[in-house]
Amino acid sequence: MEISAKDIKKEFIREAAGTNVYTAVNTCSMELKPGSLTVLKGRSGGGKTTLMNMLAGILKPTEGQILYDGRDIYSMNDDELSEFRNKKTGYVPQGKSAVASLTVRENILLPCMLFGENAEDKADDLIKRFDIENIKNAYPEELSGGELRRMSIARALIREPEILFADEPTGDLDDENTELVFKLLKEQAKMGKTVFVVTHEDTAEEYADKVYLMRGGKLEG
Amino acid sequence: MILIAAFLSFTVFAGTIVSASLRNGFASLNDRLGADIMVVPHEAITKSNFENMVLQGNVGYFYMDGKYVDELKEVEGVGKLSAQYYLASVKSGCCSMRVQIIGFDPETDFAIQPWIKKANGKPVGYMDVVVGNDLNAFVGDELSFFGEKVKVAAKLDKTGTSYDTAVFATGDTVKQLIKASLNKQLNEYADIDAGNAVSCVLIDVAEGYSIDEVVNDINIHNKKIEAIRASDMISGVSESLDGVSELVKTLTAVIWILALFVLIIAFYMMTGERKKEFAVMRVLGASRKKLAAIVLSEGMFISAIGCVTGVLFGALVIVSFSGAIESSLGLPFLLPGALDTVLVALISSLLSILAGAGAVLLSAGRISKLDTGKIIRSGE
Ligand SMILES: Nc1ncnc2c1ncn2[C@@H]1O[C@H](COP(=O)(O)OP(=O)(O)OP(=O)(O)O)[C@@H](O)[C@H]1O
Ligand SMILES: [Mg+2]
């Protein structure tokens with residue numbers, strides 16, 4: 001699926017400062033092609049996550065449109081868009097994102113559970129691939145950052161989405177695991193998926209088909 | 001969380017049962033008096049404190065001449081009339097304390113036999129007794145009063161009044177026992193004629209006459225006996241009952257509202273702490289509606305478990321402490337029947353679940369409005 005951002009812009013009203021409008025992402029356009037891995041780099045606070053959220057259907061831009069194969073996703077209502085996210089996109093959030101009351105395995109199955117569906121086999125497959133079999137019945141609080149990260153990537157893949165968003169997916173991982181994750185993301189792209197990764201890692205560029213840079217809300221690249 | 005919900009239903013349940021028990025006990029007491037007017041010897045009022053006997057189950061006895069029964073029959077406005085014969089046992093086998101023995105006239109009695117019929121069905125024979133529910137004697141047991149052997153023919157249901165510790169027999173039986181007590185010199189009234197003494201005359205006023213008229217009529221013409229309105233006797237109880245019942249109700253309401261607040265705050269905090277989790281669910285494809293449904297069903301599950309726990313615990317506490325409650329309040333206390341209890345349990349569960357639902361609804365509404373984009377950004 002091809003995603004194109006048309007002249008999108010995001011402004012926030014900073015609550016503390018009252019009516020002070022802050023532009024997190026300046027007007028910009030970009031295209032994400034199926035079968036390619038796009039990397040977005042940039043300094044902290046540059047607006048990377050904000051841009052990614054707009055692309056992923058989580059944050060409506062102040063101006064502009066996000067088109068998936070030509071369709072404006074923000075024209076859908078909440079129910080439609082939510083189901084669309086569930087079926088078409090995988091999202092690896094920045095930081096910890098586990099549901100504490102669910103085991104690793106249940107967390108991975110969560111996107112299916114939300115729609116009353118089951119995918120036990122797929123879950124077990126992913127658990128094997130990410131080498132977290134020994135902890136699949138553990139609860140998130142017992143896990144390391146790297147283990148949580150792998151769990152959250154597995155969760156993003158359980159629906160076999162056409163599009164994959166990952167916000168600093170290697171933040172807590174060592175070099176070995178970082179490489180493993182990027183190889184995996186690249187593999188997904190090679191399978192024809194649209195992959196978008198926000199990262200600080202320099203090594204990411206080796207895998208990237210396209211690299212963008214975000215600086216102070218301005219997109220370059 | 002479960003605990004608070006449990007506390008909520010516990011309060012409502014326990015409060016309702018306590019006030020229902022008090023009302024029940026009062027109704028039972030009212031029934032137990034069973035007459036409009038009670039006529040007793042004048043000294044019963046002062047010396048034996050008749051009122052305490054009826055209301056608190058104090059043991060006592062007193063006698064007047066049997067001729068008054070005939071005189072009272074002639075008083076205008078007297079409808080039904082029946083004599084009773086009282087005696088207090090010395091310590092006997094069945095009972096660690098002295099028990100009140102009450103004799104009734106099987107032919108004319110209208111106050112006691114209806115109760116006994118409920119328990120037995122057969123008329124009570126000579127030297128048979130019917131025992132109150134709290135006494136440690138059972139049907140078929142043989143008891144001995146003043147050396148006279150009597151047989152337990154029936155046991156009454158629990159009444160929550162002084163009936164529960166009394167022994168009933170026909171007038172003939174009690175007269176026999178009085179004779180025996182006189183013979184053994186165990187009766188305070190050494191010079192009475194057991195065959196011709198009565199303790200109390202119960203009167204129902206005939207239709208068309210006012211109770212006051214009849215009471216006054218009797219009291220003006222006979223200085224040695226005293227007619228008492230049954231309702232006067234229990235008005236004191238009725239007042240303190242209203243007071244306690246009111247207090248229990250207010251307390252229940254206050255605690256309920258407090259617990260509701262705590263519940264709302266607790267749910268609010270619980271969902272607030274889990275904002276990130278809910279944002280993650282949104283990202284993974286939960287619509288606002290679905291998220292609200294998740295929060296709701298989770299909260300309802302918690303409050304439902306809490307409610308059931310609370311009601312069960314409440315039932316346990318009330319049943320095991322009903323004696324203590326009764327004696328600490330000093331009021332007749334009779335637990336409602338099983339059906340009523342179940343009803344109260346259902347209603348209090350419903351009330352708490354409703355409260356839980358309200359609290360959960362607030363949180364669910366808030367969570368569904370969550371700013372996903374903002375929360376999912378944060379690292380923690
Ligand atoms: N909901 C919001 N309300 C107000 N300001 C916001 C909001 N979301 C983001 N911002 C601001 O927008 C800017 C960009 O935030 P964003 O999270 O996109 O940065 P980032 O590049 O992802 O940073 P990092 O590398 O630390 O994750 C920040 O200055 C942030 O304070
Ligand atoms: Mg970010």
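Overview of values
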| item | result |
| --- | --- |
| Members of region B:55-67 that are at pLDDT 75 or above and out of contact with any Lys or Arg (no Cβ under 8 Å at 6 or more places or on another chain) | B:58, B:60, B:61, B:63, B:65, B:66, B:67 |
| Count of residues meeting criterion [open to solvent by less than 20 Å² (accessible area, probe 1.4 Å) and within 15 Å of ligand 1 (Cβ to nearest atom)] in region A:31-48 | 6 |
| Residue list for region A:178-198, filter: farther than 18 Å from residue A:132 by Cβ, open to solvent by 30 Å² or more (accessible area, probe 1.4 Å) and in contact with a helix residue (DSSP H, G or I) (Cβ under 8 Å, 6 or more places away or on another chain) | A:186 |
| Subset of region A:14-47 (residues that are more than 14 Å from chain B (Cβ to nearest Cβ), without any contact (Cβ under 8 Å) to a residue 60 or more places away in the chain and within 16 Å of ligand 2 (Cβ to nearest atom)) | none |
| Residue among B:302, B:375, B:294 that is out of contact with any strand residue (DSSP E or B) (no Cβ under 9 Å at 6 or more places or on another chain), within 16 Å of ligand 1 (Cβ to nearest atom) and assigned to a helix (DSSP H, G or I) | B:375 |
| Residue selected from region B:342-380 under the condition of a type in the set (A, V, I, L, M) and within 16 Å of ligand 2 (Cβ to nearest atom), by the criterion nearest to the other protein chains (Cβ to nearest Cβ) | B:376 |
| Out of B:277, B:246, B:298, B:273, sole residue that is of a type in the set (Asp, Glu) and away from every other protein chain (no Cβ under 13 Å) | B:246 |
| Boolean, residue A:139 is of a type in the set (Phe, Trp, Tyr), open to solvent by 20 Å² or more (accessible area, probe 1.4 Å) and within 14 Å of another protein chain (Cβ to nearest Cβ) | yes |
| Qualifying position, being assigned to a helix (DSSP H, G or I) and either assigned by TED's automatic domain parsing to the domain that holds residue B:307 or of a type outside the set (Gly, Ala, Ser) (or both), among B:31, B:109 | B:31 |
| Filtered residues of region A:107-136 (kept if touching a helix residue (DSSP H, G or I) at 6+ places or on another chain (Cβ under 7 Å) and within 13 Å of chain B (Cβ to nearest Cβ)) | A:107, A:108, A:109, A:110, A:111, A:114, A:115 |
| Residue count for region A:71-93, restricted to those that are out of contact with any Phe, Trp or Tyr (no Cβ under 6 Å at 6 or more places or on another chain), crowded, with 19+ Cβ neighbours inside 10 Å and within 7 Å of chain B (Cβ to nearest Cβ) | 4 |
| Verdict on residue B:218 being surrounded by 13 or more Cβ atoms within 10 Å (Cβ to Cβ) and at pLDDT 85 or above | yes |
| Top-ranked residue in region A:49-70 [being of a type in the set (Val, Ile, Thr) and more than 16 Å from ligand 2 (Cβ to nearest atom); ranked as least open to solvent (accessible area, probe 1.4 Å)] | A:66 |
| Region A:160-177, residues that are at pLDDT 90 or above and either open to solvent by less than 40 Å² (accessible area, probe 1.4 Å) or in a helix (DSSP H, G or I) (or both) | A:161, A:163, A:164, A:165, A:166, A:167, A:168, A:169 |
| Residue A:101 within 11 Å of chain B (Cβ to nearest Cβ), closer than 14 Å to residue B:281 by Cβ and open to solvent by 40 Å² or more (accessible area, probe 1.4 Å) | yes |
| Residue within region B:329-337 that is closer than 22 Å to residue B:254 by Cα and either hydrophobic (A, V, I, L, M, F, W, C) or open to solvent by 40 Å² or more (accessible area, probe 1.4 Å) (or both) present | yes |
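Residue-wise test of (1) in contact with a Gly (Cβ under 6 Å, 6 or more places away or on another chain); (2) modelled with pLDDT of 95 or more.
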{"site": "A:47", "(1), (2)": "yes, no"}
{"site": "A:70", "(1), (2)": "no, no"}
{"site": "A:78", "(1), (2)": "no, no"}
{"site": "A:84", "(1), (2)": "no, yes"}
{"site": "A:91", "(1), (2)": "no, yes"}
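Residues are listed down the side, and each one gets a yes or a no for (1) of a type in the set (Ser, Thr, Tyr); (2) in contact with a strand residue (DSSP E or B) (Cβ under 8 Å, 6 or more places away or on another chain); (3) touching a residue at least 60 places away in the same chain (Cβ under 8 Å):
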position	(1), (2), (3)
B:192	no, no, yes
B:198	no, yes, yes
B:238	yes, no, yes
B:249	no, no, yes
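Residue-by-condition table, conditions (1) modelled with pLDDT under 90; (2) within 30 Å of residue A:172 (Cα to Cα); (3) buried (at least 21 other Cβ atoms within 10 Å of the Cβ); (4) of a type in the set (D, E, K, R):
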| site | (1), (2), (3), (4) |
| --- | --- |
| B:345 | yes, no, yes, no |
| B:349 | yes, no, yes, no |
| B:362 | yes, no, no, no |
| B:371 | yes, yes, no, yes |
| B:376 | yes, yes, yes, no |
| B:380 | yes, yes, no, yes |
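The values are calculated or read from the model by the stated rules, or taken from the named source; none is laboratory data. Worth saying up front: this structure is predicted, and the values here are computed from it rather than measured. Every residue, glycine among them, receives a Cβ derived from its backbone with ideal geometry; neighbour counts consider all protein chains shown. SASA here: full protein model, heavy atoms, side chains in, ligands and nucleic acids out. Shrake-Rupley method; radii C 1.70, N 1.55, O 1.52, S 1.80 Å.
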